[in-house]
Amino acid sequence: MSFQAYLDNIEAKTGLNPLAFVQKAEEKGFLTNGALSAGVKATEITNWLKEEYELGHGHAMAMYAYFKGKRD
């Protein structure tokens, strides 16, 4: 599955596009001005995405990669 397919599936499941997730991650303190906040671990973000949005591990990791700057 391509990275874009992961993002498309996440949007289909949650109704939220990647930019909406960036905003929500900033509200949670995981991101600051679109970049990972100091000391934030991948596990914190993936656990949040799994619990709140019922994403699987692979999809949660795709969002973490997006937060880190992966776009293609």
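Residues that are at pLDDT 95 or above, aliphatic (A, V, I, L, M) and not in a helix (DSSP H, G or I) do occur in segment 16-24, at least one of them. When you scan segment 34-57, do you find a residue that is surrounded by 11 or more Cβ atoms within 10 Å (Cβ to Cβ), in contact with a Ser or Thr (Cβ under 6 Å, 6 or more places away or on another chain) and part of a helix (DSSP H, G or I), even just one? Scanning segment 34-57, I find at least one residue that is surrounded by 11 or more Cβ atoms within 10 Å (Cβ to Cβ), in contact with a Ser or Thr (Cβ under 6 Å, 6 or more places away or on another chain) and part of a helix (DSSP H, G or I), so the answer is yes. Starting from residues that are under 11 Å from the mean Cα position of the chain (by Cα) and of a type in the set (V, I, T), keep the ones in segment 1-30 and report whichever is surrounded by the fewest Cβ atoms within 10 Å (Cβ to Cβ). Filtering first and then ranking leaves V22.
The values are calculated or read from the model by the stated rules, or taken from the named source; none is laboratory data. None of these values were measured; they are calculated from a predicted model. For neighbour counting, all protein chains shown are included, and Cβ atoms are generated from backbone atoms with ideal geometry for every residue, glycine included.
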